[in-house]
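*Asks:* My questions all concern the structure below.
The values are calculated or read from the model by the stated rules, or taken from the named source; none is laboratory data. Just so it is clear, the structure is predicted and the values come from calculations on it, not from any experiment. Counting neighbours? That spans all protein chains shown, and the Cβs are built from the backbone with ideal geometry, glycine included. Areas reflect the complete protein model, heavy atoms only, side chains present, ligands, DNA and RNA absent. Shrake-Rupley method; radii C 1.70, N 1.55, O 1.52, S 1.80 Å.
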Amino acid sequence: MKFGALCHSYSRFETLSGNALRSALADFLKTVPTVDIKAVVYMTLGAIASDYDEINLGMADKMAIKAIALAAGKDEAKVSKEYKKKGDVGLVAESVCGTADGTLSVFDVFETLHLIATTSGTGSQEEKIRHFSGLLKKATPIEARYIGRLAVGKLRLGVAAKTVLDGLSLAYGIGKEKIEHAFNICPDIGIIAETVVGKGDDGISSIGVVVGRPVQMMLCQRVESLQEAIDKLGIPVAAEQKYDGERVQIHKDRKKVTLYSRRLENITSQFPELVKAASTNLNAASCIIEAEIMAVGKKGQLEPFQKLMSRRRKHGIEQMAKEIPAKAFCFELLYLNGKSLIKESYNTRYENLSSILRPNTSINLAQRVVCTDAKCIDALFKRVVGKCGEGVVIKSLRPDSDYQAGVRGWHWIKWKPEYSKGMQDTFDLAVIGAFRGRGRRSGRYGALLCAVYNKKTGKFESFCKLGSGFSDAELKSLSKKLTKSDSQPKNVVVLKQMTPDVWIQPTKVVEVLAAEITRSPFHAAGMKDGKGLALRFPRFLRWRDDKKAEQATTTKEISR
Ligand code: AMP
């Protein structure tokens, strides 16, 4: 397929949103041959591989300008000036490069972008510039625009993975839910698209769990009383400690161990002690286990979440592993010795898990009791909270309690102190905007506009203005932490009266504690009869860097 055809579609997608975008995307996807579909869907999302592959584009803008100047045979200072005016590497490339006649194929561009992303070591900067300028020399103006944006990681077509899944469903007449389910089990948009195009409905139905490829993690529901949890799940139930750490999926394939975070990032290098424990203390040739990682103090006490976050680093990992050792508390088994267990009951999965796990200082089972009444769950809850634990997760033991990948279903219910005190809960919200501070806060952001995620539409809907709970240091660092957007991102919905001073790209998640949810004429979340839902008295608790914006609290959850 010609890269030019892709670029013309991109320039059209930029002008569309909602259903019009989905149907234009579907029409286009129908025209893409099987050999190119993987590259096309990755690139449409502004990437060149699946999220968990860790092959990131994202050349620095300055380096891209150098390459553009080289390709165009122009003075770098002049091109740089142009960039300052336009603020978009793509538009600069389009205006100064692009003299070729359109022979580039999707494959050529995809391959070269891979080469740029994976070139490393001494002299790699010069080599990247050489590859990039070489590619630009073969491009037409419109091709140069999108090559430029792709190379710096700023394609921003407003197309999310969900839009591509909807587009594939429309284009190939396969049920949306079926494709979404497959994507939850195999969160690689390239494999999903290739399977839809090459193997159709049957192919998608047979996508299964593969060791080494992360599975979207199952999530918890919430209730207003312990009795409600029992009414929903029946008895008996399993009540487990809810550890306040980092969720991890441990993939063991003979000698190879890979750790994936909740965002499906590869975090293997951060926890050498867990890799070792998985190698030596899991009696299985291959398996996929889920656990919560906790930092452990000198006396064996569990440390708060913040302590664990200080393990997130690139250097000095072995030293940090000694200073702040981590321990995995395991609660799930998705795969064992060549067989997927996600369709088995929780009881079967747990029995297998406990039979292969040999506890040591770095790995153990999560604390757990089987209960037949609320009193028994409450007793565990009080023990956990008494030791500063987060609460409990109550799990169904029914025969149909399968592992629901990526679903916030009713097999797991969380119970935290906030609920028992009659407060609503904490909410994980995506930051979509900021308001300039006044008075003591002038010169920095004074409040943030936060949103819930509407899974149906793929949009972030404003839900509260968050101004309290920040420390001075936190306030100071807000502008550094958040990525500004020149205009309202396409996937963000706010009401006019709540337009922020600065738009923010929805990538960061903040945990907020609030007293209640009310109807409000100011916010766009779950709109009904001209009024949305809003949080009253929200307070900043902490950043949730372990979550992607799409993993924020959903509109459906707050609309219950
Ligand atoms: P939340 O993020 O508040 O929806 O709570 C769900 C999270 O609790 C999961 O994603 C896990 O990271 C964490 N968690 C801690 N302990 C457990 C457990 N025993 N079972 C399931 N999830 C747990």
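*Asks:* Averaged per residue, what accessible area in Å² does the chain show with a 1.4 Å probe, protein chains only? Let's see the in-between values first.
*Replies:* On the way: 24920 Å² over 560 residues.
With all protein chains present, the chain gives 45 Å² per residue.
*Asks:* Mind ranking 403, 350 by accessible surface for me, highest first, 1.4 Å probe?
*Replies:* Details: 403 5, 350 30 Å².
Solvent-accessible surface, decreasing: 350, 403.
*Asks:* Measure off, as a whole percent, the carbon and sulfur share of the 1.4 Å-probe accessible area of region 425-558, all protein chains present.
*Replies:* Working: 2950 of 6090 Å².
Whole-percent figure for carbon plus sulfur exposure: 48.
*Asks:* Can you compute the radius of gyration and Dmax for region 271-351, using only the Cα atoms, both in Å?
*Replies:* 14.8, 41
*Asks:* If you don't mind, there's one more thing I want to ask. For residue 503, tell me the accessible area in Å² from a 1.4 Å probe, rounded to the nearest 10.
*Replies:* Surface open to solvent at residue 503 totals about 30 Å².
*Asks:* Rule-of-thumb check for region 221-421: C-alpha Rg over 2.2 N^0.38 Å? Walk me through the numbers on the way to the answer.
*Replies:* Working: Rg = 16.7 Å, N = 201, 2.2 N^0.38 = 16.5 Å.
That works out to 1.01 for region 221-421.
*Asks:* Pairwise over distinct Cα atoms, reciprocal of the mean inverse distance: report the Kirkwood radius of region 506-551 in Å, one decimal place.
*Replies:* On the way: mean 1/r = 0.0844 Å⁻¹.
One decimal place: 11.8 Å for the Kirkwood radius.
*Asks:* How far, in nm, would the chain grow between residue 440 and residue 125 when pulled straight, counting 0.36 nm per residue and subtracting the alpha carbon separation?
*Replies:* Values: separation 315, 0.36 × 315 = 113.40 nm, distance 4.35 nm.
Full extension of this stretch gives 109.1 nm more.
*Asks:* Now a separate question. Can you give the accessible area of residue 172 in Å² (nearest 10), computed on protein heavy atoms with a 1.4 Å probe?
*Replies:* 70
*Asks:* Then there's this: Taking just the C-alpha trace of the chain, give me its Rg and Dmax in Å.
*Replies:* Expressed in Å, the Cα Rg and Dmax of the chain come to 24.7, 77.
*Asks:* For region 258-339, give the percent of accessible area contributed by carbon and sulfur heavy atoms, probe 1.4 Å, rounded to a whole number.
*Replies:* About 53 percent, which is the carbon plus sulfur part of the accessible surface.
*Asks:* Still on this structure, I have one more. With no solvent and one point per C-alpha, what does the Debye sum give as log10 I(q)/I(0) for region 118-210 at q = 0.16 Å⁻¹?
*Replies:* -0.79
*Asks:* How big is the gap, in Å, between the Cα center of region 232-264 and the Cα center of region 441-505?
*Replies:* Their Cα centres are 31 Å away from one another.
*Asks:* While we're looking at this one, here's another question. Show which lysines lie in cross-link reach of residue 256 when reach means a straight Cα distance below 27 angstrom and same-chain residues fewer than eight apart are skipped.
*Replies:* Qualifying lysines at Cα under 27 Å: 38, 276, 314, 322, 327, 339, 343, 547, 548.
*Asks:* Relative contact order for the chain using alpha-carbon pairs under 8 Å, separation at least 6, rounded to a whole percent?
*Replies:* Working: 1156 pairs, mean separation 65.5, N = 560.
About 12 percent, as a whole number.
*Asks:* Is there a pair in 86/455; 85/162; 178/556 whose C-alpha atoms are over 31 Å apart, and which pairs would that be? Numbers along the way, then the final one.
*Replies:* Numbers: 86/455 34 Å; 85/162 34 Å; 178/556 20 Å.
Result: 86/455; 85/162 exceed 31 Å.
*Asks:* Something else about it: Along its three principal axes, how long is region 425-526 when you only count alpha carbons? Whole Å, largest extent first please.
*Replies:* That works out to 38, 33, 23 Å along the principal axes.
*Asks:* Would you kindly enumerate the cysteines in the chain that have no other Cys beta-carbon under 4.7 Å from their beta-carbon?
*Replies:* Cysteines lacking a close Cβ partner in the chain: 7, 97, 186, 220, 287, 330, 388, 450, 464.
*Asks:* Suppose the chain between residue 382 and residue 507 were pulled fully straight at 0.36 nm per residue; how much longer would it get relative to their current alpha carbon spacing? Working shown, then result.
*Replies:* Working: separation 125, 0.36 × 125 = 45.00 nm, distance 3.54 nm.
Computed gain between residue 382 and residue 507 is 41.5 nm.
*Asks:* Can you send over the carbon and sulfur percentage of the accessible area for region 3-152, probe radius 1.4 Å, protein chains only?
*Replies:* On the way: 3360 of 6790 Å².
The value for region 3-152 is 49 percent carbon and sulfur by accessible area.
*Asks:* Something else now. Ranked highest first by average number of other Cβ atoms within 10 Å, how do 396-402, 521-527, 474-480 line up? Can you show the working numbers first?
*Replies:* Details: 396-402: 17.1, 521-527: 20.4, 474-480: 14.4.
For the peptides 396-402, 521-527, 474-480, the packing ranking is 521-527, 396-402, 474-480.
*Asks:* Follow-up question, since we're still on this one. Need one number: nm distance between label points at residue 455 and residue 351, each 7 Å from Cα along Cα→Cβ, rounded to one decimal.
*Replies:* Between residue 455 and residue 351, the simple spin-label model gives 3.0 nm.
*Asks:* Also, quick follow-up: Just to verify a number: FRET efficiency for residue 481 and residue 539, C-beta to C-beta distance, R0 = 22 Å, to 0.05? Don't skip to the end; give the middle numbers.
*Replies:* Numbers: r = 18 Å, r/R0 = 0.81.
Efficiency at R0 = 22 Å is approximately 0.80.
*Asks:* How long are the semi-axes of the equivalent ellipsoid of region 3-152, taking √(5λ) for every eigenvalue λ of the Cα gyration tensor, in whole Å from largest down?
*Replies:* Over the Cα atoms of region 3-152, the semi-axes work out to 25, 18, 14 Å.
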